[in-house]
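Read the figures in this text as sums done on the coordinates, not as results from a lab. Being a predicted model, the structure only gives us computed values, none of them experimental. Neighbour counts run over all protein chains shown; Cβ positions are idealised from the backbone, glycine included.
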Amino acid sequence: MIQARRRLERRKVGLIGPEAVQTELRRTRLLRRIPSHSTIKRILREAGLIKASRPAREVYFPQPSATPDYVLHAMDWTSKFLTGGCKVFAFHTLDLETRALHQTIGADKSLNSVERHALETWRQLGLPDGLQMDNDAAFCGGYKAPRVFGRFVRLCLYVGIEPIFLPPYEAERNGLIERTNGLWSQSFWRRRHFNSSAAVKRASPKFEQWYAQQYKPRTLNGLTPARAQKRVERRRMTARQIRALPARLPITAGRLHFIRQVDQEGLISLLNEDWKVDKRLAGQYVWATLVTHERRLKIYHRCSADAPVRLVKVFHYEIPETVSPLLPEFKRSHHRRKMFTML
C-alpha cells in the first residue's frame, strides 16, 4: 500500500489520495484483497503520508433576532412549474415572533411583484422594524453599478424599515422562511394539480387559512400563528399611506444591514463594491451597517455569542443625492436597538 502511494507520488500527472491508491492496487495486483477506502486512509495517516483532518472550527454567525421591542420579518419567494412549462411564484413573509404569514402568488419575481407583496404584507401583518432577506436583484437593486439604492430598498427606508441582507449563496441563513416555503410545497402544492397561475391564486387562501388557524409551530407552545398575532400590537400601513407613496422614492434617513463573510483577502462586498476589513478575519462573519443620514459604513465583528461586539472599521460612504428625513408618521414609538443587541 505504501509502495503504491510512493509510485503515484513519482508520477508527473495524477492524484495520490486513498482512492487513487486503491485504483493503483487494483491495476498492479500488489495485494490479493483490495482494502477499503477508509482502511487505506487510516494506514496512510499512520504512516504520516496524510495529515489527520481537523474538525472545522465553528464560525459565529451574527443572526438577527426578533424581540417584543424589535419586530423582525423574513421574506423570500419560491417558484414552481405549471403544466405547459410556465412558472408560478409564491412570495412569503413571516413575522419571526408570531410566525404569522402573508403570501401572494405572482407570475414573476419582478420589482413590481415584490413591492405589491410587501405593501400587502405591511397592511396585514404590520410594519416591521427589520426585514431579513437574501440578495435577489429585485430586493437589493441589481448587480451592475456600485452604491445603487434600488426602489425596494428605498421603499423600506421610506417607511422606517431596516433591510437586513443575508450572506450571498447561504439560503440556510434564512431558515425559517425557507422551511415555510417547504411547508407550502408539502402541504399545498404537492396535493393539487394546477394549470394556471390564476388557479393557484384561487386556491391559495385555503393554505393561508390552514396555516393561520390550524398549523402550530413548535416555538409557539401550542398556539396557532393567528392566536399569537392577536397577542401583539402591530402598527399596520394604511391604504392612504400606500396611495401617498411618491413615484420617485428618495433615500431616507435610516440603516441598512449586511451580514457578510470576510474573504481570504480581508474583503467584503456590498452594493456592488468591495471594502477592506481585515485579513485576520478571513472566514469570519461581520455585520456591516450603512447609516444613510450619517453617510457612514460601520463594520462590526463578534467572535462568539459571549464575546463583546467590536467596531472594526468605519468608512465614509458618499451618497450622491439628498438624504430625506423619516416622516413622523413612520417613526417608531420605541427606541431603535443599539448595534450590540442585534448580534
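A few comments on the model shown:
- From phi via Karplus (6.51, -1.76, 1.60), per-residue ³J(HN,Hα) for region 212-224 in Hz, x at Gly/Pro: 6, 9, 10, 5, 10, x, 4, 5, 8, 6, x, 7, 8
- Sequence-ordered 3J(HN,Hα) estimates for region 238-250 from the Karplus curve with 6.51, -1.76 and 1.60 and θ = phi - 60° stand at 9, 4, 4, 5, 5, 5, 7, 4, x, 5, 10, 7, x Hz, glycine and proline given as x.
- Under the criterion of Cα pairs below 8 Å and six or more residues apart, the relative contact order for region 57-343 equals 20 percent.
- Taking 120, 170 and counting other C-beta atoms within 10 Å, the order from fewest to most: 170, 120
- Residues 234, 29 arranged by fewest to most Cβ contacts within 10 Å: 29, 234
- Since only 164, 59, 209 are under comparison, the one whose Cα sits farthest along the positive direction of the charge dipole of the chain, derived from C-beta charges on Lys, Arg, Asp and Glu, is 59.
- Here the residues 122, 77, 189, ranked from fewest to most Cβ neighbours within 10 Å of their Cβ, fall in the order 189, 77, 122.
- Formal net charge of residues neighbouring residue 197 (Cβ-Cβ distance under 13 Å; K, R +1; D, E -1): +4
- The chain - charge dipole about Cα centre, Lys and Arg +1 at Cβ, Asp and Glu -1, debye rounded to 20: 1380
- For region 29-40, putting each phi into the Karplus relation 6.51 cos²θ - 1.76 cosθ + 1.60 with θ = phi - 60° gives couplings of 6, 5, 10, 5, 10, 7, x, 6, 4, 5, 5, 4 Hz, in residue order, rounded to whole numbers and with x for Gly and Pro.
- Taking a straight Cα-Cα cut-off under 29 Å and skipping sequence neighbours fewer than 8 places away in the same chain, the lysines within cross-link reach of residue 144 are 80, 87, 109, 276, 279, 298, 313.
- Amide hydrogen proximity for residue 97: with H placed 1.01 Å from N in the peptide plane, the residues at 5 or more positions away or on another chain lying under 5 Å are 72.
- Rounded to the nearest 20 debye, the dipole magnitude of region 207-287 is 720 debye, with +1 charges on Lys and Arg beta carbons, -1 on Asp and Glu beta carbons, and the Cα centre as origin.
- Volume per residue that the Cα convex hull of the chain spans, once the total is divided by residue count, Å³: 229
- Rel. contact order, % - alpha carbon contacts under 8 angstrom, at least six apart, region 2-46: 35
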